[in-house]
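Step one of this worksheet: look at the structure below.
The values are calculated or read from the model by the stated rules, or taken from the named source; none is laboratory data. Predicted model only: the values in this text are computed from it and were never measured. Heads up, the Cβs are rebuilt from the backbone with ideal geometry, glycines too, and the neighbour counts pull from every protein chain shown.
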Amino acid sequence: MSQHPVGATPDRATANSAAPGADAALRDAPSDKVPALRVTDLRKTYGNGVEALKGVSLDVAEGDFFALLGPNGAGKSTLIGIVSSLVNLTSGSVEIFGTDITRRRSDAMRLIGLVPQELNFNLFEKPLDILVNYAGFYGVPRKVALERAEVELKRAHLWSKAQMTSRTLSGGMKRRLMIARAMMTRPRLLILDEPTAGVDIEIRRGMWDSLQEINASGTTIILTTHYLEEAENLCRNLAIIDHGSIIASGPMRSLLAELDVQGFVLDTDGALPATLPVIEGATLRARDAHTLDIDMPREMDLNHIFVALDAAGIKVRSMRTKSNRLEELFVRMTARPEQSA
Ligand SMILES: Nc1ncnc2c1ncn2[C@@H]1O[C@H](COP(=O)(O)OP(=O)(O)OP(=O)(O)O)[C@@H](O)[C@H]1O
Ligand SMILES: [Mg+2]
């Protein structure tokens, strides 16, 4: 990974405080609380020689809502697979609330709820049966399981579908069923691998509400997503993983605050001139005849830009921020060398 503007690569990605915006001193202070997840120098080399994880260290504090981000193939699902004992680690260690997953596998597994990236329930079973049978597998008595299933199916807005064949559920409903199932064992740590992939924005927002409710009730959540707006809205702390290594981590607010450039898209009245004005410190680019892209340092005064545009005869009709801020940060940090010329 080449140079990037924010957050030095830490030895261990820490998030000792779950409080949003906790100051650095507090963050760096040793916490005597056992983290929900502690990953130490984790490595994974698959049988085909692919080094999917190259020494990842990471702490997630109890009660946190944590985003694990990274481009396709970064190693997120491998990490989650190891944490949930579906994939064997090559070296390093993983502890769930202090319980080592290799030495005390079944104790560790009891603490986790997993929503995997791929749908993995029996499509010919009914939602109610899927939940109750899953809980039964983990030793939850049937009467308790039935009560919980009702709570979880209602939270997932699937109660009316409880007795239908799961095959008939929509994609978004199937995703919500996976979350409801994972909650049946009342996990202390809920791990979700792209739970909202391919889900429309309205249903996604509904899922955010459910996840926030689950987190507020004390469940630690780790989420991977490619919708960075989702991570920015939900998560207090994050780690960005790329090519099997963590390249940035910390509180969402601190990482975003370090982002020193902001981008705007301006719609103009009348066509842009052939030669754009030069504004020192800012980068201007015509997207098309009526749309101007501007990147400027965060501390630069916007009025300064407008004065210069006005002097060049460019009348701005409307303006919006270019993308969500986490997206900018992410694109910059994970840019392949050939893209970041
Ligand atoms: N079972 C496997 N056998 C061999 N290689 C694998 C296996 N699973 C994953 N890999 C490789 O390991 C690397 C990391 O994959 P992983 O699925 O962990 O990425 P990811 O971050 O979850 O990506 P995505 O965002 O696409 O889900 C990739 O190069 C992938 O091809
Ligand atoms: Mg994945």
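A few comments on the model shown:
- Within region 37-55, residues that are in the same structural domain as residue 77 (by TED's automatic domain parsing) reach partners that are more than 16 Å from ligand 2 (Cβ to nearest atom) and not in a strand (DSSP E or B) with beta carbons closer than 7 Å, at six or more positions or on different chains, in the pairs 42/89; 43/90; 44/89; 44/90; 45/90.
- Residue 332 touching a Pro at 6+ places or on another chain (Cβ under 8 Å) and within 30 Å of residue 70 (Cα to Cα): yes
- Qualifying residue in region 237-260 (condition: farther than 24 Å from residue 296 by Cα, among the hydrophobic types (A, V, I, L, M, F, W, C), more than 16 Å from ligand 1 (Cβ to nearest atom) and touching a residue at least 24 places away in the same chain (Cβ under 8 Å)): no
- Check on residue 275, in the same structural domain as residue 331 (by TED's automatic domain parsing) and away from ligand 2 (no atom under 16 Å from the Cβ): yes
- Verdict on residue 294 being touching a helix residue (DSSP H, G or I) at 6+ places or on another chain (Cβ under 9 Å), more than 30 Å from residue 55 (Cα to Cα) and not assigned by TED's automatic domain parsing to the domain that holds residue 51: yes
- The lone criterion from (1) within 20 Å of residue 182 (Cα to Cα); (2) more than 11 Å from ligand 2 (Cβ to nearest atom); (3) in contact (Cβ under 8 Å) with a residue 40 or more places away in the chain left unmet by residue 59 is number (1).
- Test: residue in region 109-116 that is at pLDDT 95 or above, over 20 Å from the mean Cα position of the chain (by Cα) and not basic (Lys, Arg): yes
- Those strands (runs of 3 or more DSSP E) lying entirely in region 228-341 with at least 3 residues among the β-branched types (Val, Ile, Thr): 261-269
- For region 141-153, a residue qualifies if it is charged (D, E, K, R) and either assigned by TED's automatic domain parsing to the domain that holds residue 204 or under 11 Å from residue 128 (Cα atoms) (or both), and the qualifying residues are 147, 148, 150, 152.
- Of the helices (runs of 4 or more DSSP H) lying entirely inside region 53-148, those containing at least 2 residues that are surrounded by 21 or more Cβ atoms within 10 Å (Cβ to Cβ) are 76-83, 127-137.
- Just one residue in the set 205, 142 is under 17 Å from the mean Cα position of the chain (by Cα), among the basic types (Lys, Arg), over 30 Å from residue 98 (Cβ atoms) and away from ligand 1 (no atom under 16 Å from the Cβ); that residue is 205.
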